[in-house]
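Accompanying notes for the structure given below.
The values are calculated or read from the model by the stated rules, or taken from the named source; none is laboratory data. Everything numeric in this text was worked out from a predicted model, so none of it was measured. A quick note on method: Cβ atoms are made from the backbone with ideal geometry, for glycine too, and the neighbour counts reach across all protein chains shown.
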Amino acid sequence: MSAILKYRGRWISDAEIFFIRDLIAENPSANRRALSHKICAAWGWVQPNGHPRDVVCRGLLLALHRGGQITLPPPQRPSSGHGRPRVQQPMLALPEPPIRGTLAELGPLDFRQVRRTEDDGRFDELIGSHHYLGPAYPVGEHLKYLVRAGARPLACFLWTSAPRHLGPRDRFIGWDAEERRRNIRLIAYNSRFLILPWVEVPHLASHLLGRMVRMLPAEWERMYSHPVHLAETFVDRTRWRGTCYRAANWICVGETTGRGKNDQTRRANRPRKDVLVYPLSRHFRAQMRSPS
């Protein structure tokens, strides 16, 4: 038995490719998602919370398909490449009147994790319409928070899996390549933070960040059965200063290279961004370098 392909640290053997071919032949009406779930079940390929590693498995199937090793059924719908179709989000009309005043005048704030709930689509609509980066299409582990005052939305947070290679962060933690590969899942990346444009409340952003990082570890462990010990984000210095993050005690540890994660030229092709982190536990370095 010989290895054909190394994917996400796992060598795929010719016997496993024959298994996938037979599975496709035996299930001619199955779509790609159904095939992925069958493979995950057969191989015991699951996340710590017991859910199938569906996104990883479908990535493997696509790599084998493109390499001519297998033939997948056609996709059921045009996709963005991240598991859902890209749609043009309509701009939303601003509610009237705007929300103004002080933090105290807002009253109790409701932080709601809305991924896989009836508010999931509402969250996507708000981000797509009002965040300067536009809609997000996260894969893998991620959480979506919608913050409301009463029935009115104030802000959105999107937390996702962290970029694998980030020099300033990696030096701040002090881990080596193997420790990073093993424990990268212990970082939560704040890929979107939006105060909605009709909200004008001084100090609201730093207040929300402070509350958000206190509840994030427990919510992540509840959803994914493992903790997170560090939060991180990027701040585009051509647009923002990152004042709210600094006011909430986030630490600037350096800047990005401006090359992006898929760079092939080693030349900057986008704005450099500040890298900010927030330790979520007192002994985060020891926990993130641990072999367990």
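Looking at region 11-70, which of its residues are charged (D, E, K, R) and modelled with pLDDT under 80? Lay out the reasoning, then the answer.
First, the residues of region 11-70 that are charged (D, E, K, R): 14, 16, 21-22, 26, 32-33, 38, 53-54, 58, 66.
Of everything in region 11-70, just one residue is charged (D, E, K, R) and modelled with pLDDT under 80, namely Arg66.
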Scope region 10-52; condition crowded, with 17+ Cβ neighbours inside 10 Å, β-branched (Val, Ile, Thr) and over 11 Å from Leu72 (Cα atoms); matching residues: Ile12, Ile39
Is there a residue being part of a helix (DSSP H, G or I), in contact (Cβ under 8 Å) with a residue 24 or more places away in the chain and closer than 24 Å to Glu141 by Cα anywhere in region 233-244? no
Just wondering, is there one or more residues in region 196-215 that are hydroxyl-bearing (Ser, Thr, Tyr) and at pLDDT below 95? no
Any idea which residue in region 9-51 is farthest from Arg181 (Cα to Cα), counting only those that are among the hydrophobic types (A, V, I, L, M, F, W, C) and touching a residue at least 40 places away in the same chain (Cβ under 8 Å)? Ala30
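In region 228-248, which residues are of a type in the set (Gly, Ala, Ser) and surrounded by 15 or more Cβ atoms within 10 Å (Cβ to Cβ)?
Narrowing region 228-248 to residues of a type in the set (Gly, Ala, Ser): 231, 242, 247-248.
Answer for region 228-248, where residues must be of a type in the set (Gly, Ala, Ser) and surrounded by 15 or more Cβ atoms within 10 Å (Cβ to Cβ): Ala231, Gly242, Ala248.
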Kindly list the number of the only condition in (1) surrounded by fewer than 20 Cβ atoms within 10 Å (Cβ to Cβ); (2) part of a loop (DSSP other than H, G, I, E, B) that fails for Arg214. (2)
Long-range neighbours under 6 Å by Cβ, at least six apart or interchain, first residue among the polar types (S, T, N, Q) within region 192-216, second at pLDDT 95 or above: Ser206/Cys244; Ser206/Ala247; Ser206/Ala248
